[in-house]
Amino acid sequence: MATLVLTAVGTAVGGPVGGALGAFLGQQVDQNILFKPKGREGPRLQELAVQTSSYGTQIPRIYGKMRVAGTVIWATDLKETRESNGGGKGRPSSTTYSYSACLAVALSSRDIKDIGRIWADGKIFRGNAGDFKTETGFRFFQGHEDQVVDGLIASTEAAGGTPAYRGLALAVFEDMDLTEYGNRIPSLTFEVIADDGTVSLGAIINDISDGRVAASLDESLHGFAAAGQDRREVLAAISESFSLSFPAVSGTLSAKRRQSEPGAEILSMRDQIVSTHNKEPIARPELQTLAETKIARQHALRYYEPERDYQSGMQNAFRPGNSRVIRDRDFPAALASSQAKNIARAKLWSLYQERSSARLHVLRTALSLKPGTFVSWDDSGDIWLVRNWELNRGSIDLVLSKAGDALPDTEGTTDNGRPVKELDALAGATRLALVDLPFAIDAPMQVSNVSRLYAAAAGDLGWRNAELFALGADGVSNEFVDQISSPASIGTALEPLGASGPHVIDRKNSLQVQMHNSNMHLNDADDAQLLAGKNIAAIGNEIVQFGSAAPIGNDRYILSYLLRGLGGTELEMDKHLVDEDFVLLDGIDLTEIDAHNYTPFQPVTISALGRGDDLPVSRSLGEVGRALKPWSPVHPRFVFKENGDLELSWTRRSRAGLIWPDHVEIPLAEETERYRVSVGNESISEPMMPFLMLAAPDVQDYRDAGASSLSIAVRQIGQHNISDPLLFTVEI
C-alpha cells in the first residue's frame, strides 16, 4: 500500500518524525476523500478579542502578516499609584489612584521581523507610526535563538530563574496605564509582521514540515497562522482548502495540486491496462460516481480580511444542482476577499470532479504511475489522478479520482462587508477651552449653589484624553483636577458675531465657524428641537442656539437662525471678537471642574496635558461663577403719577428661569428678593419688590440740578453676588 511506501520514504528522509509525517501523507493518497477515516478538530479561526493566559496554550507559527491575540506568559500584580493634591488655604485635599501593570505576551513560535499596530479591547493602542495611544513602556523580541533575557522580567523574578524564551517572539509592556481599561489588563491583539510582503504556500509547507516536504506552490498568502495539535493538523488544513496530494518524487515528499495545471504532464495508460494474469481473468476497470446530491453545492470559507483590520470574513461558492449539502471550513489565513472567493470556487469544483473514481489494473512495468500522477485511460479525454496503488503478483492495482483542469481565477468583484476599522491617527496638541456656564449641563432647570466651570478639549483625529491641572494656592504648582475622557466639539469663530439688539431670535446675523478637526460635525435643528435644547453652544461668553448649520467645506460651517443671550448672557451679545472659542454644549460630556479647585468670582487658570503635548496647555478666565450670579432684571417701565411721583418698575428674573414650562411664575431662587437702584453713580434705594416710587420732591431736585433725564440702573442682589445692571433712561 502507498502508506507503507511513503512511511519508508519518510523515515529514510527524516527519521522517526519524518516517518510519522510520511505515514500521514500516505493516508492522504490512500483515501478517496482526504482524512476521511477519523473525525478531527482542525485549526479554527480564533476570535481576535480573546487573549489567553492558560498553561498548555498553543503558540502559533506566524507567516506573512497576521493579527494575533497572543498568550500572556508573564505578568505582575497591578501596581497602584497614590497621589494627593490640595489641602492648602481651606481647600480639601484629594487623593487619586491610578493603576498600571507589567506583562509579556508570546506572539509566535517562529521568529518575526516586527510588530505593527496593536489593539487593546478592539481600540487602536499603537498606531502605524509606532505611537502609543496610552502611556506604556514597550519592547519586543523577535524570537531568535540567541535573544537575551528581558531586564524587567529578570529584575522581578528570582535570580537565575528567568528564561530568555528563545525561539518565541515576545512583546513586553512595562507600567502600562490601565485607566482607560477599567483598571484591568485589556485584551491585546497584535499585527505581527513575520515576513517581508506576502508568503508563498510552498514556503509555508516547507517550513511546517521542517523541509521534509518539497513544495513549489506559488499561491501567495497575506498571512497564515499555523496552529494545531501537530504538524499533521496544519498540513491537513492547508490541503482541505487547496486539494493537495503529497506524492514521493525521487525519494522526496512533494506537495502538488490535485487539479492539473496548464502544461502538466498527463500519461496515457490505455495500453497498460491488463485483464488477465497467467490466463486467469483480472477485474475489468470499475467506474463509480457518487450521486450529485451527496456532494456539496455550497462551500463557505472563513478567513481573515486585512482590509478590515483582520476581522473574520466569509466567502461562498455555489454550483448548480439539487444538492442541499453545505460545506464550511475555517482557513486561518489573511486573504483578500477575491482570493478567498477563488479558493472556495476551486475547492468546490475539485469536490465535484472527485466524486468520480475508478479502479483498474495496469502492467507491473508501469512503475512510473506513482500517486500524484495525472493520467488518461479511455477515449473520453478525462484527466484522472492516481490516488493510491497496490503492487500485486501480476499487476499494479490503481485507484484514481477524476481531476480535470484547475478552475481559473476570476476577476469579479466580491463583497467583503462593511469595513470595521479603528481610527489610527496621531493625537496632536491639545486644544483647551473653559466654559463658565450659568447652569449645570446635566440639570439646567435646577438652581445651582456652586459655580459651574467646565473644561472642553480636543486635538487631532487620534486625540483621546488629557489630564487637567489647576494652578495651586502658591500660584506656581499645578494640582491634579480630573481627566477629560473624550474629545469635545470645538471650533473657532472666524469673525465677530454681530450684536442682536433686544431680539432673542436673531435672523440678521450669521457666524462662520472653523471646527477643530474633520470628526466634528454640526447639524440643523427645527423649532421643536431648539425648544428641547438642541444645538446649544458657547461662543465666547455668550450662550446661543443655532437652527441652521450650513457646511461650506474644509470643516467650516455658517451658523444662522440664532437664539441669543441664553442663560442671562444677553450683555455679552455686543462683546464678540474674532477667533473666539466655539464649544458645542449639546449632548457633549464636558468635564466639570470641582469648585474646590478655584475661588468663585476670582481669576482661574486650568492646564491640560494630553499624550501629544510636550508641555501643558493653559487657559485662564478673569472671573468665574455665573451660576451663582443673579440675572439682571428686564422690561423696565416708568410712569408719572398725578401728584408728580415717578414710579419705576421692572420684571424680575430667576437663575432657574431657562424655561417657562407651565406659565406659572418661577421661584426667584434667592434667599430674599432685593434690588439696588442707582441714579447716575448714586445708589438711592434697595427695595424688596420689583418697583420703586420716587417722590415728586426728589424728582424736582434732579430738575433743579439741571438734569433733563435720569439714568437708572437696577441690579438684583443675590445670595452670592449682585447681577449685571438693567439700564434705562427716564426723561424728566
Of all residues in the stretch 541-590, count the ones that are among the basic types (Lys, Arg), open to solvent by 40 Å² or more (accessible area, probe 1.4 Å) and farther than 22 Å from Ala457 by Cβ.
1
Determine if the stretch 634-641 includes at least one residue that is surrounded by fewer than 21 Cβ atoms within 10 Å (Cβ to Cβ), among the aromatic types (Phe, Trp, Tyr) and in a loop (DSSP other than H, G, I, E, B).
no
Of the residues that sit in the stretch 686-711 and are in contact with an Asp or Glu (Cβ under 6 Å, 6 or more places away or on another chain) and open to solvent by less than 60 Å² (accessible area, probe 1.4 Å), which one is nearest to Arg674 (Cα to Cα)?
Ala695
I'd like to check something: does the stretch 216-228 contain any residue that is surrounded by 17 or more Cβ atoms within 10 Å (Cβ to Cβ) and farther than 22 Å from Pro332 by Cα?
no
Filtered residue count, the stretch 443-470, keeping only those that are over 30 Å from Asp131 (Cβ atoms), open to solvent by 10 Å² or more (accessible area, probe 1.4 Å), at pLDDT 80 or above and touching a Phe, Trp or Tyr at 6+ places or on another chain (Cβ under 9 Å):
1
Take the stretch 151-164 and flag every residue that is open to solvent by less than 60 Å² (accessible area, probe 1.4 Å) and closer than 19 Å to Arg110 by Cβ.
Ala164
Against the condition among the hydrophobic types (A, V, I, L, M, F, W, C), touching an Asp or Glu at 6+ places or on another chain (Cβ under 7 Å), surrounded by 18 or more Cβ atoms within 10 Å (Cβ to Cβ) and under 25 Å from Ile115 (Cβ atoms), how does Leu188 come out, does it pass?
no
Between residues in the stretch 279-301 that are at positive phi and residues that are at pLDDT 90 or above, which pairs lie under 8 Å by C-beta distance while being six or more apart or on different chains?
none
Give me the residue from the stretch 503-530 that is under 19 Å from Trp463 (Cα atoms) and assigned to a strand (DSSP E or B) and, out of that set, most open to solvent (accessible area, probe 1.4 Å).
Gln514
Residues in the stretch 553-582 that are in contact with a strand residue (DSSP E or B) (Cβ under 6 Å, 6 or more places away or on another chain) and either part of a helix (DSSP H, G or I) or of a type in the set (Val, Ile, Thr) (or both): how many?
3
Restricting to the stretch 579-609, name every residue that is within 17 Å of Leu559 (Cβ to Cβ) and either at pLDDT 90 or above or among the aromatic types (Phe, Trp, Tyr) (or both).
Asp579, Glu580, Asp581, Phe582, Val583, Leu584, Leu585
How many of the residues in the stretch 318-342 are closer than 23 Å to Leu290 by Cα and open to solvent by 10 Å² or more (accessible area, probe 1.4 Å)?
11
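Rundown of residues vs (1) at pLDDT 90 or above; (2) under 23 Å from the mean Cα position of the chain (by Cα), yes/no style:
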residue: Arg126; (1), (2): yes, yes
residue: His144; (1), (2): yes, no
residue: Val148; (1), (2): yes, no
residue: Ala159; (1), (2): no, no
residue: Ala169; (1), (2): yes, no
Reported set for the stretch 303-312 where residues are open to solvent by 10 Å² or more (accessible area, probe 1.4 Å) and either at pLDDT 95 or above or not charged (D, E, K, R) (or both) is Tyr304, Pro306, Gln311, Ser312
Where a residue in the stretch 525-539 is in contact (Cβ under 8 Å) with a residue 60 or more places away in the chain and its partner, wherever it lies, is hydrophobic (A, V, I, L, M, F, W, C), with Cβ under 7 Å and at least six apart
Ala538/Val435; Ala538/Val583; Ala538/Leu585
Find the residue count for the stretch 674-685, including only residues that are open to solvent by 80 Å² or more (accessible area, probe 1.4 Å) and not charged (D, E, K, R).
1
Is it the case that some residue within the stretch 643-653 is open to solvent by 80 Å² or more (accessible area, probe 1.4 Å), out of contact with any Cys (no Cβ under 6 Å at 6 or more places or on another chain) and either among the hydrophobic types (A, V, I, L, M, F, W, C) or modelled with pLDDT of 90 or more (or both)?
yes
Cβ-Cβ under 8 Å pairs, at least 6 apart or on other chains, the stretch 194-218 side without any contact (Cβ under 8 Å) to a residue 60 or more places away in the chain, far side assigned to a helix (DSSP H, G or I) and among the β-branched types (Val, Ile, Thr):
Leu201/Ile238; Ile205/Ile238; Ala215/Ile205; Leu217/Ile205
Counting only residues that are hydroxyl-bearing (Ser, Thr, Tyr) and either open to solvent by 10 Å² or more (accessible area, probe 1.4 Å) or outside any loop (DSSP other than H, G, I, E, B) (or both), the stretch 712-732 contains a total of 1
I need the full set of residues from the stretch 591-610 which are in a loop (DSSP other than H, G, I, E, B) and surrounded by fewer than 21 Cβ atoms within 10 Å (Cβ to Cβ), in order please.
Asp594, Thr599, Pro600, Phe601, Gln602, Pro603
Matching residues in the stretch 92-107 - criterion: being within 24 Å of the chain's Cα centre (by Cα) and either free of Cβ contacts under 8 Å to residues at least 60 places away in the same chain or open to solvent by less than 30 Å² (accessible area, probe 1.4 Å) (or both)
Ser100, Ala101, Cys102, Leu103, Ala104, Val105, Ala106, Leu107
Of the conditions (1) out of contact with any Phe, Trp or Tyr (no Cβ under 7 Å at 6 or more places or on another chain); (2) modelled with pLDDT of 90 or more; (3) not aromatic (Phe, Trp, Tyr), Ala440 satisfies every one except a single condition; which number is it?
(2)
2 or more residues farther than 25 Å from His299 by Cα and open to solvent by 30 Å² or more (accessible area, probe 1.4 Å): qualifying strands (runs of 3 or more DSSP E) within the stretch 343-398
384-391
Subset of the stretch 291-318, residues under 27 Å from Ser401 (Cα atoms) and out of contact with any Ser or Thr (no Cβ under 8 Å at 6 or more places or on another chain), comes to Ala291, Gln298, His299, Ala300, Asn316, Ala317, Phe318
Taking strands (runs of 3 or more DSSP E) that fall entirely within the stretch 93-184, which contain at least 2 residues that are in contact with a Gly (Cβ under 6 Å, 6 or more places away or on another chain) and farther than 22 Å from Gly462 by Cα?
93-108, 169-177
Can you tell me which residues in the stretch 553-586 are acidic (Asp, Glu) and closer than 23 Å to Ile441 by Cα?
Glu570, Glu572, Glu580, Asp581, Asp586
Would you mind telling me which numbered condition in (1) under 19 Å from Thr57 (Cβ atoms); (2) among the hydrophobic types (A, V, I, L, M, F, W, C); (3) out of contact with any Phe, Trp or Tyr (no Cβ under 8 Å at 6 or more places or on another chain) Phe246 fails?
(1)
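The values are calculated or read from the model by the stated rules, or taken from the named source; none is laboratory data. As the structure is a computational prediction, the values presented were derived from the model and not from experiment. Heads up, the Cβs are rebuilt from the backbone with ideal geometry, glycines too, and the neighbour counts pull from every protein chain shown. Note: areas computed on protein heavy atoms with side chains; ligands, DNA, RNA excluded. Shrake-Rupley method; radii C 1.70, N 1.55, O 1.52, S 1.80 Å.
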